Amino acid sequence: MAAYLELYRSGKLRERIEAAVFLLESCSLCPHSCGVNRLTGDVGKCRTPREAIVSSYGPHFGEEAPLVGGHGSGTIFFTNCNLRCQFCQNYSISQLGEGEKVNREELADMMLSLQAKGCNNINLVSPTHVVPQILEALEIAVESGLQLPLVYNSGGYDSVETLRILDGIVDIYMPDMKYDDEETAKELSGIESYPSTNKAAIKEMHQQVGDLKINEQGVAERGLLVRHLVLPNGLAGTKGIVNFLSGEISPNTYVNIMDQYHPCYRAFQIESLVRRISPVEFHEALSLAQEAGLSRLDRACPVEILRIRSE
Ligand code: SF4
(Lines give C-alpha, C1' and ligand atoms only; values in the text may rest on other atoms or scores of the structure.)
Protein backbone atom coordinates (compact mmCIF):
# COMPACT_ATOMS: atom_id res chain seq x y z
CA MET A 1 0.00 0.00 0.00
CA ALA A 2 1.36 3.40 -0.93
CA ALA A 3 2.38 5.46 2.09
CA TYR A 4 0.26 8.48 1.19
CA LEU A 5 -3.03 6.56 1.52
CA GLU A 6 -2.73 6.57 5.30
CA LEU A 7 -2.03 10.31 5.36
CA TYR A 8 -5.00 10.92 3.08
CA ARG A 9 -7.34 8.92 5.35
CA SER A 10 -6.14 10.77 8.43
CA GLY A 11 -6.64 14.17 6.80
CA LYS A 12 -2.95 15.00 7.09
CA LEU A 13 -2.32 15.01 3.36
CA ARG A 14 -4.33 18.25 3.15
CA GLU A 15 -2.14 19.81 5.85
CA ARG A 16 0.97 18.84 3.89
CA ILE A 17 -0.47 20.35 0.71
CA GLU A 18 -1.12 23.62 2.53
CA ALA A 19 2.40 23.63 3.97
CA ALA A 20 3.89 23.07 0.52
CA VAL A 21 1.76 25.72 -1.20
CA PHE A 22 2.71 28.18 1.54
CA LEU A 23 6.37 27.83 0.48
CA LEU A 24 5.49 29.14 -3.00
CA GLU A 25 4.50 32.59 -1.72
CA SER A 26 8.11 33.57 -1.08
CA CYS A 27 9.55 30.54 -2.75
CA SER A 28 11.84 28.46 -0.60
CA LEU A 29 10.85 25.09 -1.97
CA CYS A 30 14.44 24.29 -2.80
CA PRO A 31 17.79 25.42 -1.35
CA HIS A 32 18.01 28.36 -3.78
CA SER A 33 15.34 30.15 -1.70
CA CYS A 34 14.64 32.61 -4.52
CA GLY A 35 11.95 34.39 -2.48
CA VAL A 36 9.75 35.08 -5.53
CA ASN A 37 5.96 34.86 -5.27
CA ARG A 38 5.08 31.95 -7.50
CA LEU A 39 1.44 32.14 -6.42
CA THR A 40 1.13 35.33 -8.49
CA GLY A 41 3.10 33.90 -11.41
CA ASP A 42 6.62 35.14 -10.66
CA VAL A 43 9.44 32.75 -11.48
CA GLY A 44 12.79 32.08 -9.86
CA LYS A 45 15.81 30.08 -10.95
CA CYS A 46 13.67 27.10 -11.95
CA ARG A 47 11.64 29.35 -14.33
CA THR A 48 8.43 27.64 -13.26
CA PRO A 49 5.35 29.67 -12.26
CA ARG A 50 2.30 28.53 -10.27
CA GLU A 51 1.47 25.64 -12.58
CA ALA A 52 3.70 22.68 -13.24
CA ILE A 53 5.00 22.13 -16.75
CA VAL A 54 5.22 18.58 -18.10
CA SER A 55 7.31 17.45 -21.02
CA SER A 56 5.96 13.90 -21.37
CA TYR A 57 4.62 10.95 -19.42
CA GLY A 58 4.27 7.23 -19.99
CA PRO A 59 5.52 3.76 -19.04
CA HIS A 60 9.32 3.73 -19.07
CA PHE A 61 11.41 0.58 -19.39
CA GLY A 62 14.88 2.14 -19.19
CA GLU A 63 14.92 2.70 -15.43
CA GLU A 64 16.52 0.37 -12.88
CA ALA A 65 15.04 -3.14 -12.98
CA PRO A 66 13.34 -2.93 -9.53
CA LEU A 67 11.38 0.11 -10.72
CA VAL A 68 10.41 -1.29 -14.10
CA GLY A 69 8.99 -4.72 -13.19
CA GLY A 70 6.80 -6.17 -15.94
CA HIS A 71 4.84 -3.09 -16.97
CA GLY A 72 7.26 -0.21 -16.69
CA SER A 73 7.84 2.68 -14.37
CA GLY A 74 5.17 5.36 -14.77
CA THR A 75 7.31 8.38 -15.49
CA ILE A 76 6.18 11.99 -15.55
CA PHE A 77 8.93 14.30 -16.82
CA PHE A 78 8.64 17.77 -15.34
CA THR A 79 10.02 20.61 -17.39
CA ASN A 80 12.74 22.89 -15.97
CA CYS A 81 15.10 22.18 -13.11
CA ASN A 82 16.69 23.90 -10.15
CA LEU A 83 20.14 22.86 -11.41
CA ARG A 84 22.16 24.24 -14.32
CA CYS A 85 24.32 21.28 -15.24
CA GLN A 86 26.45 22.19 -18.21
CA PHE A 87 26.36 18.60 -19.43
CA CYS A 88 22.66 17.87 -18.77
CA GLN A 89 21.69 14.69 -20.58
CA ASN A 90 18.04 15.93 -20.75
CA TYR A 91 18.77 19.57 -21.50
CA SER A 92 15.91 20.19 -23.92
CA ILE A 93 13.51 19.53 -21.05
CA SER A 94 15.50 20.78 -18.07
CA GLN A 95 17.10 23.89 -19.59
CA LEU A 96 15.26 24.79 -22.80
CA GLY A 97 11.76 24.55 -21.33
CA GLU A 98 10.22 21.93 -23.63
CA GLY A 99 6.75 21.08 -22.28
CA GLU A 100 3.20 22.26 -21.59
CA LYS A 101 1.61 23.77 -18.51
CA VAL A 102 -0.75 21.39 -16.71
CA ASN A 103 -3.29 22.08 -13.98
CA ARG A 104 -3.81 19.81 -10.99
CA GLU A 105 -6.65 17.86 -12.62
CA GLU A 106 -4.57 17.16 -15.73
CA LEU A 107 -1.63 16.03 -13.62
CA ALA A 108 -3.91 13.74 -11.60
CA ASP A 109 -5.24 12.26 -14.85
CA MET A 110 -1.67 11.48 -15.93
CA MET A 111 -1.06 9.60 -12.69
CA LEU A 112 -4.28 7.64 -13.07
CA SER A 113 -3.59 6.77 -16.69
CA LEU A 114 -0.16 5.39 -15.73
CA GLN A 115 -1.84 3.22 -13.10
CA ALA A 116 -4.41 2.05 -15.66
CA LYS A 117 -1.53 1.00 -17.93
CA GLY A 118 -0.23 -1.33 -15.21
CA CYS A 119 2.87 0.66 -14.20
CA ASN A 120 4.52 -0.25 -10.90
CA ASN A 121 4.89 3.27 -9.60
CA ILE A 122 4.53 6.96 -10.39
CA ASN A 123 8.06 8.11 -11.19
CA LEU A 124 8.27 11.90 -10.74
CA VAL A 125 11.29 13.07 -12.74
CA SER A 126 12.71 16.45 -11.57
CA PRO A 127 10.00 17.03 -8.95
CA THR A 128 11.88 19.41 -6.62
CA HIS A 129 10.46 22.69 -7.96
CA VAL A 130 6.88 21.39 -8.29
CA VAL A 131 6.28 19.57 -5.01
CA PRO A 132 3.09 21.54 -4.13
CA GLN A 133 1.63 20.96 -7.59
CA ILE A 134 2.35 17.23 -7.31
CA LEU A 135 0.65 17.02 -3.91
CA GLU A 136 -2.42 18.91 -5.13
CA ALA A 137 -2.74 16.47 -8.02
CA LEU A 138 -2.06 13.49 -5.76
CA GLU A 139 -5.05 14.33 -3.57
CA ILE A 140 -7.35 14.37 -6.61
CA ALA A 141 -5.85 11.15 -7.96
CA VAL A 142 -6.25 9.36 -4.61
CA GLU A 143 -9.93 10.29 -4.59
CA SER A 144 -10.19 8.52 -7.95
CA GLY A 145 -8.36 5.39 -6.80
CA LEU A 146 -4.61 6.00 -7.18
CA GLN A 147 -2.64 3.49 -5.13
CA LEU A 148 0.79 3.30 -6.73
CA PRO A 149 3.90 4.26 -4.74
CA LEU A 150 5.56 7.56 -5.60
CA VAL A 151 9.18 7.68 -6.75
CA TYR A 152 10.89 11.03 -6.08
CA ASN A 153 13.50 11.11 -8.86
CA SER A 154 15.50 14.29 -8.24
CA GLY A 155 18.84 15.86 -9.05
CA GLY A 156 19.57 15.77 -5.34
CA TYR A 157 19.53 19.51 -4.66
CA ASP A 158 16.60 19.30 -2.25
CA SER A 159 15.88 21.16 0.96
CA VAL A 160 15.36 19.19 4.15
CA GLU A 161 12.36 21.39 5.00
CA THR A 162 10.52 20.41 1.80
CA LEU A 163 11.53 16.78 2.16
CA ARG A 164 9.93 16.73 5.63
CA ILE A 165 6.64 17.71 4.01
CA LEU A 166 7.00 14.55 1.91
CA ASP A 167 7.58 12.26 4.90
CA GLY A 168 4.93 9.54 4.70
CA ILE A 169 4.01 10.51 1.13
CA VAL A 170 7.00 9.36 -0.92
CA ASP A 171 7.82 5.65 -0.82
CA ILE A 172 10.94 5.59 -2.96
CA TYR A 173 13.54 8.34 -3.08
CA MET A 174 15.83 8.21 -6.11
CA PRO A 175 18.18 11.23 -5.87
CA ASP A 176 21.36 11.88 -7.81
CA MET A 177 24.66 12.36 -6.08
CA LYS A 178 26.52 14.38 -8.70
CA TYR A 179 29.65 15.77 -7.05
CA ASP A 180 31.73 15.55 -3.94
CA ASP A 181 33.72 18.70 -4.57
CA GLU A 182 32.42 22.26 -4.19
CA GLU A 183 34.56 23.83 -6.89
CA THR A 184 33.49 21.23 -9.41
CA ALA A 185 29.84 21.68 -8.39
CA LYS A 186 30.18 25.41 -8.92
CA GLU A 187 31.87 25.09 -12.28
CA LEU A 188 29.61 22.40 -13.73
CA SER A 189 26.23 23.17 -12.11
CA GLY A 190 26.65 26.69 -10.74
CA ILE A 191 26.05 25.61 -7.14
CA GLU A 192 28.98 25.55 -4.76
CA SER A 193 26.97 24.12 -1.87
CA TYR A 194 25.70 21.12 -3.83
CA PRO A 195 27.83 18.49 -2.01
CA SER A 196 26.84 19.48 1.55
CA THR A 197 23.20 20.19 0.66
CA ASN A 198 22.96 16.95 -1.27
CA LYS A 199 24.37 14.91 1.62
CA ALA A 200 21.92 16.49 4.09
CA ALA A 201 19.07 15.64 1.72
CA ILE A 202 20.22 12.04 1.32
CA LYS A 203 20.34 11.65 5.11
CA GLU A 204 16.79 12.96 5.44
CA MET A 205 15.54 10.69 2.66
CA HIS A 206 17.14 7.62 4.19
CA GLN A 207 15.81 8.48 7.62
CA GLN A 208 12.29 8.54 6.17
CA VAL A 209 12.32 5.38 4.06
CA GLY A 210 15.42 3.33 4.92
CA ASP A 211 17.28 0.98 2.61
CA LEU A 212 15.53 -0.11 -0.58
CA LYS A 213 13.13 -3.02 -0.05
CA ILE A 214 12.49 -5.20 -3.08
CA ASN A 215 9.66 -7.77 -2.98
CA GLU A 216 9.67 -11.38 -4.17
CA GLN A 217 8.64 -10.28 -7.65
CA GLY A 218 11.76 -8.13 -7.85
CA VAL A 219 9.81 -4.86 -7.59
CA ALA A 220 10.96 -2.00 -5.36
CA GLU A 221 8.39 -1.16 -2.67
CA ARG A 222 10.06 1.43 -0.47
CA GLY A 223 13.44 2.91 0.31
CA LEU A 224 16.39 4.85 -1.06
CA LEU A 225 18.01 4.30 -4.45
CA VAL A 226 20.94 6.58 -5.26
CA ARG A 227 22.16 7.38 -8.76
CA HIS A 228 25.71 8.46 -9.49
CA LEU A 229 26.74 9.40 -13.03
CA VAL A 230 30.45 8.85 -13.59
CA LEU A 231 32.01 11.85 -15.33
CA PRO A 232 35.30 11.93 -17.25
CA ASN A 233 38.50 12.77 -15.42
CA GLY A 234 37.12 11.89 -11.97
CA LEU A 235 34.92 15.00 -11.88
CA ALA A 236 32.03 13.24 -10.13
CA GLY A 237 34.12 12.56 -7.02
CA THR A 238 33.07 8.93 -6.85
CA LYS A 239 35.36 7.95 -4.00
CA GLY A 240 34.01 10.56 -1.59
CA ILE A 241 30.42 9.76 -2.52
CA VAL A 242 30.63 6.00 -2.09
CA ASN A 243 32.51 6.43 1.20
CA PHE A 244 29.77 8.79 2.43
CA LEU A 245 27.04 6.35 1.45
CA SER A 246 28.70 3.37 3.03
CA GLY A 247 29.88 5.15 6.17
CA GLU A 248 27.14 7.70 6.91
CA ILE A 249 24.02 6.26 5.28
CA SER A 250 24.23 2.45 5.06
CA PRO A 251 26.42 -0.16 3.40
CA ASN A 252 23.12 -1.61 2.16
CA THR A 253 22.30 1.49 0.13
CA TYR A 254 21.14 0.50 -3.36
CA VAL A 255 23.36 2.45 -5.76
CA ASN A 256 23.29 2.78 -9.51
CA ILE A 257 26.72 3.80 -10.78
CA MET A 258 25.96 4.99 -14.30
CA ASP A 259 28.21 4.92 -17.37
CA GLN A 260 26.02 6.68 -19.95
CA TYR A 261 27.61 10.11 -19.79
CA HIS A 262 28.02 11.65 -23.21
CA PRO A 263 28.92 15.25 -23.96
CA CYS A 264 25.93 17.40 -24.81
CA TYR A 265 24.46 20.86 -24.19
CA ARG A 266 27.40 23.06 -23.09
CA ALA A 267 29.82 20.23 -22.32
CA PHE A 268 31.57 20.80 -25.64
CA GLN A 269 32.86 24.11 -24.30
CA ILE A 270 34.50 22.49 -21.26
CA GLU A 271 37.69 20.65 -22.08
CA SER A 272 37.39 18.08 -19.29
CA LEU A 273 33.87 17.07 -20.41
CA VAL A 274 34.24 16.64 -24.16
CA ARG A 275 34.55 12.87 -24.19
CA ARG A 276 32.67 9.84 -22.91
CA ILE A 277 34.13 7.97 -19.95
CA SER A 278 36.46 5.07 -20.67
CA PRO A 279 35.71 1.46 -19.60
CA VAL A 280 38.61 1.77 -17.16
CA GLU A 281 37.08 4.85 -15.53
CA PHE A 282 33.75 3.11 -15.18
CA HIS A 283 35.16 -0.06 -13.70
CA GLU A 284 37.28 1.99 -11.35
CA ALA A 285 34.13 3.71 -10.08
CA LEU A 286 32.43 0.34 -9.57
CA SER A 287 35.36 -1.10 -7.72
CA LEU A 288 35.65 2.02 -5.52
CA ALA A 289 32.04 1.42 -4.49
CA GLN A 290 32.71 -2.20 -3.69
CA GLU A 291 35.88 -1.37 -1.80
CA ALA A 292 33.88 1.15 0.24
CA GLY A 293 31.66 -1.73 1.34
CA LEU A 294 28.59 -1.04 -0.78
CA SER A 295 27.10 -4.42 -1.56
CA ARG A 296 23.98 -3.47 -3.53
CA LEU A 297 25.19 -2.05 -6.82
CA ASP A 298 22.84 -1.96 -9.78
CA ARG A 299 25.75 -3.46 -11.74
CA ALA A 300 28.38 -5.53 -9.97
CA CYS A 301 32.04 -4.99 -10.73
CA PRO A 302 33.52 -7.94 -12.64
CA VAL A 303 35.77 -10.03 -10.42
CA GLU A 304 38.55 -9.73 -12.97
CA ILE A 305 38.66 -5.95 -12.62
CA LEU A 306 38.89 -6.18 -8.84
CA ARG A 307 41.68 -8.72 -9.17
CA ILE A 308 43.67 -6.50 -11.52
CA ARG A 309 43.25 -3.49 -9.18
CA SER A 310 44.40 -5.48 -6.18
CA GLU A 311 47.63 -6.63 -7.88
S1 SF4 B 1 11.77 26.01 -6.50
FE2 SF4 B 1 12.41 27.46 -8.11
S3 SF4 B 1 11.72 29.49 -7.43
FE4 SF4 B 1 11.60 28.09 -5.68
S5 SF4 B 1 13.51 28.39 -4.57
FE6 SF4 B 1 13.84 26.66 -5.98
S7 SF4 B 1 14.64 27.54 -7.90
FE8 SF4 B 1 13.79 29.22 -6.67
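The values are calculated or read from the model by the stated rules, or taken from the named source; none is laboratory data. Owing to the predicted nature of the structure, the values given are computational and were not obtained by experimental measurement. Because the Cβ atoms are built from the backbone with ideal geometry, glycine has one as well, and the counts that use them run over all protein chains shown. Ligands, DNA and RNA are stripped out before the accessible areas are found, and what is left, the full protein with its side chains, is counted by its heavy atoms. Shrake-Rupley method; radii C 1.70, N 1.55, O 1.52, S 1.80 Å.
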## Note on the structure
Rounded to the nearest 10 Å², the accessible area of residue 280 using a 1.4 Å probe with every protein chain kept is 110 Å²
### Query
How large is the accessible surface per residue of the chain, computed with a 1.4 Å probe and reported in Å² as a whole number?
42 Å²
### Query
Amide H to amide H under 5 Å from residue 81: which residues, 5+ apart in sequence or cross-chain, H placed 1.01 Å off N in plane?
none
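Using a Förster radius of 30 Å, what is the FRET efficiency between residue 187 and residue 164 based on their Cβ-Cβ separation? Nearest 0.05, please. Spell out each step's value before the answer.
Numbers: r = 31 Å, r/R0 = 1.03.
That pair, residue 187 with residue 164, gives E of 0.45.
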## Note on the structure
Residues whose modelled amide H sits under 5 Å from the amide H of residue 256, counting only those 5 or more places away in sequence or on another chain, are 226, 227, 228, 298
### Message
Output wanted: per-residue J couplings in Hz (rounded whole) for region 225-241, from phi through Karplus 6.51 cos²θ - 1.76 cosθ + 1.60, θ = phi - 60°, x for Gly and Pro.
### Response
10, 9, 10, 9, 8, 6, 9, x, 6, x, 5, 7, x, 4, 4, x, 5
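What is region 1-83's relative contact order, in percent, from Cα pairs under 8 angstrom and six or more apart in sequence?
Working: 97 pairs, mean separation 15.7, N = 83.
Relative contact order for region 1-83 comes out at 19 percent.
Let me have the 222 nm mean residue ellipticity of the chain computed from DSSP H runs of 4+ only, each contributing -39500 (n - 2.57), with the sum over all residues rounded to the nearest 500.
On the way: 12 runs with 113 residues, N = 311.
It comes out at -10500 deg cm²/dmol, rounded to the nearest 500.
From the protein chains alone at 1.4 Å, what is the descending order of accessible area for 227, 276, 104, largest first? Show your work: numbers first, answer last.
Numbers: 227 30, 276 150, 104 105 Å².
I get 276, 104, 227, largest accessible area first.
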### Task
Mind grabbing the accessible area of residue 174 for me, 1.4 Å probe, Å², rounded to tens?
0 Å²
### Query
Using the alpha-carbon atoms, what tilt in degrees (0 to 90, nearest 10) does helix 12-25 show relative to the longest principal axis of the chain?
80 degrees
#### Entry: By accessible area with a 1.4 Å probe, ligands and nucleic acids excluded, highest first: order of 77, 268, 87
268, 77, 87
### Query
What figure in square angstrom, to the nearest 10, would you give for the accessible area of residue 206 with a 1.4 Å probe?
40 Å²
### Query
Leaving out ligands, DNA and RNA, what percent of the accessible area of the chain is carbon and sulfur, probe 1.4 Å?
48 percent
### Message
Restricting to Cα pairs below 8 Å that are 6+ residues apart, what does the relative contact order work out to for region 180-311? Please round to a whole percent.
### Response
22 percent
### Query
For helix 194-209, what angle does its Cα long axis make with the longest principal axis of the chain, in degrees from 0 to 90 and rounded to 10?
60 degrees
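Using a 1.4 angstrom probe on the protein heavy atoms only, line up 139, 271 by accessible area, largest first.
Details: 139 30, 271 165 Å².
Most to least solvent-accessible, the answer reads 271, 139.
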